[in-house]
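Here's the structure we're looking at; comments come further down.
No lab work stands behind these numbers, since they all come straight from the coordinates. In this text the structure is predicted, and so the values were computed from the model without any measurement. In this analysis, Cβ positions are derived from the backbone assuming ideal geometry, glycine residues included, and neighbour counts consider all displayed protein chains.
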Amino acid sequence: MLAGPTNGVALGVAAGGVAATVQGIANPIVRGVVARGHRELVGPVIAYMAVLSAMFVIALGTLNPLAGLGAGLFFCSDAMLAWNRFVRPLAWGPPAVIVTYHLGQGLLVLSLVRR
């Protein structure tokens, strides 16, 4: 059950934007998973990307700015985490993951109490 109503137009626009973003990061991550000898993780990694993308799209579709920003930061934290692990480490990656994750989670919680 969603925390609030969604807007069909916003869902469509969000789905297009998130799909375009995922296209740019999914291929290098999946190639990195395979290159590091973890072929068995390809399915779970793709499934997780799909679920995380759906969460982001639905949050944007609510038109709640706190939900959209929180989901976006959470999406970014996990994308950076996967990039650091499977593509190449980023010098600023670990602190960026921690900051975006915690800010994202906080904003998602606030989006539930400030409707």
Exercise for the section: Specify the angular offset, from 0 to 90 degrees and rounded to the nearest 10, of the alpha carbon long axis of helix 65-82 from the longest principal axis of the alpha carbons in the chain. Expected result: 10
Practice task
Give me the angle, in degrees from 0 to 90, between the Cα long axis of helix 93-113 and the longest principal axis of the Cα atoms of the chain, rounded to the nearest 10.
Solution key: 20
Practice task
Starting with the highest mean, order 100-113, 71-84, 17-30 by the number of other Cβ atoms within 10 Å, averaged over the residues of each peptide.
Solution key: 71-84, 100-113, 17-30
Practice task
Specify the angular offset, from 0 to 90 degrees and rounded to the nearest 10, of the alpha carbon long axis of helix 42-61 from the longest principal axis of the alpha carbons in the chain.
Solution key: 20
Exercise for the section: Return the Cα extents of the chain along principal axes one, two and three, sorted largest first, each rounded to a whole Å. Expected result: 44, 28, 21
Exercise for the section: Rounded to the nearest 0.05, what FRET efficiency do Arg39 and Ile98 give with R0 = 22 Å and r taken as the Cβ-Cβ distance? Could you check? Expected result: 0.15
